[in-house]
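Engineer: Before I ask anything, let me first share the structure, which is written out below as structure tokens.
The values are calculated or read from the model by the stated rules, or taken from the named source; none is laboratory data. Computed from a predicted model, the values in this text were never measured in an experiment. Cβ placement follows ideal geometry from the backbone for every residue including glycine, while neighbour counts extend to all protein chains displayed. The accessibility values were calculated without ligands, DNA or RNA, using every heavy atom of the protein model including side chains. Shrake-Rupley method; radii C 1.70, N 1.55, O 1.52, S 1.80 Å.
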Amino acid sequence: MLPKDPVILLSYVNTRLRDGCASLEEFCLEENADPVTLTERLAEIGCHYDEQNHQFR
């Protein structure tokens with residue numbers, strides 16, 4: 001289950017992207033998460049996925 005708090009979610013997602021997932025899509029598959037919902041939740045705190053750096057900023 002993904003963290004509810006958006007700041008903790010950001011940290012969790014970026015850590016997983018850095019340490020073990022080759023892509024955002026892979027992360028979402030492993031976590032059974034909807035990529036649109038995930039990106040919308042993180043956009044609420046001003047963070048957007050940066051494909052080039054493979055993280056949310």
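Engineer: With every protein chain kept in place and ligands, DNA and RNA left out, what is the accessible area per residue of the chain? Probe 1.4 Å, answer in Å².
Structural biologist: Details: 3830 Å² over 57 residues.
Accessible surface, normalised per residue, equals 67 Å².
Engineer: Please compute the modelled spin-label separation between residue 23 and residue 55, points set 7 Å along Cα→Cβ, answer in nm with one decimal.
Structural biologist: About 2.1 nm separates the two model spin labels.
Engineer: In percent, what relative contact order does the chain have, based on Cα pairs under 8 Å that are 6 or more apart in sequence?
Structural biologist: Working: 43 pairs, mean separation 19.2, N = 57.
In percent, rounded to a whole number, it is 34.
Engineer: Okay, next question. Taking the Cα centre as origin and putting +1 on Lys and Arg beta-carbons and -1 on Asp and Glu beta-carbons, what dipole magnitude results for the chain, to the nearest 20 debye?
Structural biologist: Values: 5 positive and 11 negative charges, 44 e Å.
In debye, rounded to 20, the chain gives about 200.
Engineer: Run the helix sum for the chain: -39,500 (n - 2.57) per DSSP H stretch of 4+ residues, divided by residue count, reported at 222 nm to the nearest 500 deg cm²/dmol. Each step should come with its number before you reach the end.
Structural biologist: Details: 3 runs with 31 residues, N = 57.
One gets -16000 deg cm²/dmol as the mean residue ellipticity at 222 nm.
Engineer: Taking the chain, which GluC sites (Glu not before Pro) meet the DSSP loop condition and have no more than 14 other C-beta atoms within 10 Å? Display every interim value, and only then the final one.
Structural biologist: Details: sites: 25, 26, 30, 31, 40, 44, 51; in loops: 44, 51.
Counting only loop positions with at most 14 other Cβ atoms within 10 Å, the GluC sites (Glu not before Pro) in the chain are 44, 51.
Engineer: Continuing with the same structure: Considering only protein heavy atoms and a 1.4 Å probe, what is the carbon-and-sulfur percentage of the accessible area of the chain? Mind showing how you got there, number by number?
Structural biologist: Values: 1930 of 3830 Å².
Answer for the chain is 50 percent, counting heavy atoms of protein chains only.
Engineer: Residue 49: accessible area at probe 1.4 Å, nearest 10 Å²?
Structural biologist: 60 Å²
Engineer: So how many Å³ per residue does the convex hull of the Cα atoms of the chain work out to?
Structural biologist: Details: hull volume 4.0 nm³, N = 57.
Once divided by residue count, the hull of the chain is 70 Å³.
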